[in-house]
Amino acid sequence: MYEKTLAEQSRLLASGDCSSSELTAHYLDRIARLDSDLNSLVSVSTEGAAAAAKLADARRSGGENSPLLGVPIVHKDIFCVDGGKTTCGSRMLEEFHAPYSATVVSKLSDAGMVTLGKANMDEFAMGSSNENSYFGGVKNPWQRDCVPGGSSGGSAALVAARLAPVATGTDTGGSIRQPAAFCGLTGIKPTYGRVSRYGMIAFASSLDQAGPLAATAEDCAMVLQAMSGFDERDSTSSANEVPDFTANLNDSIAGLKIGVPEEYFSDGLDAGVATAVRAALSEYEKLGAKLMTVKLPNQNLCIPAYYVVAPAEASSNLSRFDGVRFGYRCESPVDLEDLYTRSRGEGFGAEVKRRIMIGTYALSAGYYDAYYLKAQQVRRLISDDFDKAFSEVDVVAGPTTPTPAFQTGAKTDDPVAMYLNDLYTVSANLCGLPAISMPCGEVNGLPVGLQLTGQHFDEARLLHAAHSYQLATDWHQRMPSGIE
Amino acid sequence: MSWETVIGLEIHAQLATRSKIFSGASTEFGAEPNTQACAVDLGLPGVLPVVNAGVVSMAVRFALATDSSVTQRSQFARKNYFYPDLPKGYQISQMALPIVGEGSVTVGLPDGTEKNINITRAHLEEDAGKSIHDLFDGNTAIDLNRAGTPLLEIVSEPDMRSAAEAVAYARYIHALVRYIDICDGNMQEGSFRCDANVSVRPSGQSEFGTRAEVKNLNSFRFLERAILFEVERQIDVLESGQEVVQETRLYDSDKDETRSMRSKEEANDYRYFPDPDLPPLVVEDAFIADVRSAMPELPKVRRARFVEQFQLTPADADAMMSDRDTADYFEAMLDGQKFTPKLAANWISGELSGRLNKENLAIQDSTVQPDRLAMLLARVEDGTISGKIAKQIFDDMWSSDASADDIIDKKGLKQITDTSAIEAMIDEVIAANPSQVAEYQGGKEKLLSFFVGAVMKASKGKANPGQLNQILKDKLQSQ
């Protein structure tokens, strides 16, 4: 059953060839057998999942037939779920129970999805390797001495190992797309505002977006459909109408104009990755797309701008974790200063503290103009570059990451080398654009990701383009070995 | 050397919305601790603020009432600092782009003159919770009911030159915010509080002196006392050859002095930046037009109309304008009635307000509503009853639903204006008091009031006083 895509499982559920209870039990069994090695989940909701599956089956007997009814899912542990723990990968929230569910979680539960558990992640979504989780690292199912990417590393590893047909992730600078690329999956970060952020623990509020990671673009389209839409509890969510993401998936893409930025094929790019991406672009040409060269002259400023804006917002967003009302509190504080210093010092991991310090510095009196304000101006320039490109092309294509998955521990001592993983992904967040990553090849047995970036609210076109590629290729069908 | 005082005020007016500025929790005062704080107010992870539209229209109302500009694209910003009663570790406020821009008000001063005070800005922000240090020994208790309560911080230019001017301005703003219904003005509950920026400089010098900010003054008396103390302190410092330190000070009302809280060097770096959870606050022209059309007539316009239309003296007009409910009561009384507005004003300031004070009632809750009081005064004006009888009837009306006419009829209180009836009563009194008549005629004219009183008593107070006086004098002289 696990070899089937979400869309195929949906059809089996609809035809009655399989019940949600059977499907759920199948995945819970796989999790029990396979996850002790991978460490991709931080909590499993055995009883809750069984009850939700039973309810879904009852709804179906009652005549309901929505496409996600009874389909299992795992949520990244950044989404609050009423009734269970939400840790955000941090000691700070090791025992935190939210009295509410994130809008994304409520929407997917309302659609009938069955929550199997919560996925491991980099602490507070800060990281590109999932090595920053308080609950331990996650192994890449393709090569277990490699990282799965981050911060949605648990989500990517568990879907790659087929412990669920889909998982939610969040993407602040590439945290859906980079692990999707490292684990041979399809993952989409929607337009900023497409999906509600309510109940999703904030890292950098102006960059954070939720999205799905699954085997195929079609699966992503089905789940994103149910996640999207205006939420009155999130002032930054968009009132734009949500189109039917699956309606035109099988149409031809002939005439699609694909922009290829020269800047994406620069020195930092692994040769094997470059070859795989070039091959994928040729495949698109065969499908009738037109390749055009575009320029993104400020591409080199993306990482510096991102690593000012994101930590600045994070430094403020994470101030609420002070040991006063909820979360970790140090033992026997002697006074208020001690309570703050030790609760935060002991509750947060090293990378989180590093970014809080960078962000605090960037917002300080006397440095604000030189860092935060300047970074926001650079953000505008990068946005202008994309606007100019989109006046000529429909989508911009390139590699998702400069390299395939790297060895565990290889970059933990060099934060800047780690940050360069986000070279091609952060611009979509800085500009609020939707972007998708899909598998397009392998280098030394590790998957390679192709990224398409679209215009605001143009997710349908990205999903359509990815699906067309997947109809013509089989990279998305490959699975790691040892997951039987 | 003579010194000049320079004062600017920052006034925090709590906006009178039922729910909080960024959440649906209630703002009601006095609830059990921590029962009116929802997930948003508690700053739980993942929750987001949503602006209460009510606060936006209230801020625009304030702008329109003070000739201030409305910033049509204002912005919320985060003011970052750690404090246990600040749940998110930052306060959502406005910094670079406040919703209300420059404006000005004309304030009446105690000496009868007027002064223009310029408003620099007014911005929206959320209140913090409350730390209570004396409830549990050695521990601090936190009540987050107040967290997220909407505030409008009104910042003036340093235009005031004395404590009296500062108090007059604060009183003006206090009356205004209540009048336009955006703040209940309750200073005991903290709904209206002031910070005073005070400095002194040698008279004639154009540069300002170094200022101290005195925080959290929650009565006009404390505002005045704190400024007076601070001015004296600063002059002492300067005259002893030292410098005034820029700092935040606290007023201790028990000791009637200000104390240093923190100096400029110790001040927090608040690391303000635009709140990414809240898009720019856009106020469309149509929205402003709607607020404008729903605005009550402003106090200064209404006061002028009272003087012009009703021929009130400025003092009476001020009395009728003491608050909006009084002005509404006054106008409701005059609606369609035929008595002089002056009579209505006298009754509101005298009999009615005395009674309301005694019973501790607000005018809008008065047992005697404007239509009932108007009928009573109409009977005074048309001579049916005397003013004195009217006061008796008013007392009866207070404890019943009866109209003035019903009471007059039932108790037979109609004034006696029949000359022959009055003459008959006078004749009886004269006949019964021959010795007093003789004394009167012998030149002791003060006895007239004795006769008036006796006849009034005989008439049970109903004799028309004018007629009585005239006839009595005639009769006593012709005896």
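Quick notes
- Options A:108, A:55; residue that is in contact (Cβ under 8 Å) with a residue 60 or more places away in the chain and away from chain B (no Cβ under 14 Å): A:108
- A single member of A:123, A:131, A:64 is within 14 Å of chain B (Cβ to nearest Cβ) and either in contact with a strand residue (DSSP E or B) (Cβ under 9 Å, 6 or more places away or on another chain) or touching a residue at least 24 places away in the same chain (Cβ under 8 Å) (or both), and it is A:123.
- Looking at region B:320-379, the helices (runs of 4 or more DSSP H) lying wholly inside it that each contain 1 or more residues that are more than 14 Å from residue B:390 (Cα to Cα) and among the acidic types (Asp, Glu) sit at B:324-334, B:353-359.
- Set side by side, the residues B:112, B:30, B:8 differ, and just one is away from chain A (no Cβ under 14 Å) and closer than 29 Å to residue B:297 by Cβ, which is B:112.
- Given (1) part of a strand (DSSP E or B); (2) touching a Cys at 6+ places or on another chain (Cβ under 8 Å), index of the condition residue B:170 fails: (1)
- When each of B:418, B:474, B:395, B:427 is tested for being within 27 Å of residue B:341 (Cα to Cα) and surrounded by fewer than 17 Cβ atoms within 10 Å (Cβ to Cβ), the lone residue that passes is B:395.
- Members of region B:173-208 found to be surrounded by 21 or more Cβ atoms within 10 Å (Cβ to Cβ) and either assigned to a loop (DSSP other than H, G, I, E, B) or at positive phi (or both), listed by number: B:182, B:183, B:191
- If you go through region B:38-73 and pick out every residue that is touching a Leu at 6+ places or on another chain (Cβ under 8 Å) and either within 14 Å of another protein chain (Cβ to nearest Cβ) or under 30 Å from residue A:326 (Cα atoms) (or both), you end up with 8.
- Of all the criteria given as (1) surrounded by 17 or more Cβ atoms within 10 Å (Cβ to Cβ); (2) in contact with a Ser or Thr (Cβ under 8 Å, 6 or more places away or on another chain); (3) aromatic (Phe, Trp, Tyr), the one not satisfied by residue B:347 is (2).
- Count of residues meeting criterion [free of Cβ contacts under 8 Å to residues at least 60 places away in the same chain and farther than 13 Å from residue B:198 by Cα] in region B:235-248: 6
- One residue from A:238, A:205 being within 14 Å of chain B (Cβ to nearest Cβ), in contact with an Asp or Glu (Cβ under 7 Å, 6 or more places away or on another chain) and among the polar types (S, T, N, Q): A:205
- Within region B:122-139, the residues that satisfy the criterion of being in a strand (DSSP E or B) and either touching an Asp or Glu at 6+ places or on another chain (Cβ under 9 Å) or surrounded by 20 or more Cβ atoms within 10 Å (Cβ to Cβ) (or both) are B:122, B:123, B:124, B:125, B:126, B:130, B:131, B:132.
- Residues of region B:30-53 that are touching a Ser or Thr at 6+ places or on another chain (Cβ under 8 Å) and touching a residue at least 40 places away in the same chain (Cβ under 8 Å): B:36, B:40, B:41, B:48, B:49, B:51, B:52.
- Some residue of region A:328-336 being among the basic types (Lys, Arg) and touching a residue at least 12 places away in the same chain (Cβ under 8 Å): yes
- Here B:401, B:395 are screened, and the one residue that is of a type in the set (Asp, Glu) and in a helix (DSSP H, G or I) is B:395.
- Verdict on residue A:71 being under 30 Å from residue A:423 (Cβ atoms), of a type in the set (Val, Ile, Thr) and at pLDDT 95 or above: no
- Qualifying residue in region A:299-319 (condition: over 27 Å from the mean Cα position of the chain (by Cα) and crowded, with 17+ Cβ neighbours inside 10 Å): no
- Matching option when the condition is within 14 Å of chain B (Cβ to nearest Cβ), within 22 Å of residue A:107 (Cβ to Cβ), touching a residue at least 60 places away in the same chain (Cβ under 8 Å) and over 10 Å from the mean Cα position of the chain (by Cα), among A:222, A:200, A:227: A:200
- Subset of region A:79-91 that is surrounded by 16 or more Cβ atoms within 10 Å (Cβ to Cβ) and either under 20 Å from residue A:175 (Cα atoms) or over 22 Å from the mean Cα position of the chain (by Cα) (or both) - its residue that is nearest to the other protein chains (Cβ to nearest Cβ): A:80
- Hey, residue B:55 within 30 Å of residue B:318 (Cβ to Cβ), within 26 Å of the chain's Cα centre (by Cα) and not hydroxyl-bearing (Ser, Thr, Tyr) or not: no
- Top-ranked residue in region B:249-293 [being without any contact (Cβ under 8 Å) to a residue 40 or more places away in the chain and of a type in the set (A, V, I, L, M, F, W, C); ranked as farthest from the other protein chains (Cβ to nearest Cβ)]: B:289
- Long-range neighbours under 7 Å by Cβ, at least six apart or interchain, first residue closer than 17 Å to residue A:120 by Cβ and in contact (Cβ under 8 Å) with a residue 60 or more places away in the chain within region A:31-52, second crowded, with 22+ Cβ neighbours inside 10 Å and of a type in the set (Val, Ile, Thr): A:38/A:138; A:39/A:138; A:40/A:138; A:41/A:31; A:41/A:74; A:42/A:87; A:44/A:31; A:45/A:115
- Region B:77-117 holds strands (runs of 3 or more DSSP E) entirely within its bounds, and those carrying 3 or more residues that are in contact (Cβ under 8 Å) with a residue 12 or more places away in the chain and closer than 30 Å to residue B:40 by Cβ map to B:77-80, B:90-93.
- Scan of region B:274-307 for residues that are touching a Leu at 6+ places or on another chain (Cβ under 7 Å), assigned to a helix (DSSP H, G or I) and surrounded by 18 or more Cβ atoms within 10 Å (Cβ to Cβ), ordered by number: B:291, B:299, B:306
- Meets criteria (farther than 25 Å from residue A:133 by Cα, modelled with pLDDT of 95 or more and buried (at least 23 other Cβ atoms within 10 Å of the Cβ)) for residue A:53: yes
- Test: residue in region A:334-347 that is among the acidic types (Asp, Glu), more than 13 Å from chain B (Cβ to nearest Cβ), assigned to a helix (DSSP H, G or I) and touching a helix residue (DSSP H, G or I) at 6+ places or on another chain (Cβ under 9 Å): yes
- Going through (1) in a strand (DSSP E or B); (2) within 27 Å of residue A:103 (Cβ to Cβ) one by one, residue B:49 falls short only on (1).
The values are calculated or read from the model by the stated rules, or taken from the named source; none is laboratory data. Predicted, not measured: the structure shown is a model, and the values here were computed from it. Please note: Cβ atoms are built from the backbone with ideal geometry, for glycine as well, and neighbour counts cover all protein chains shown.
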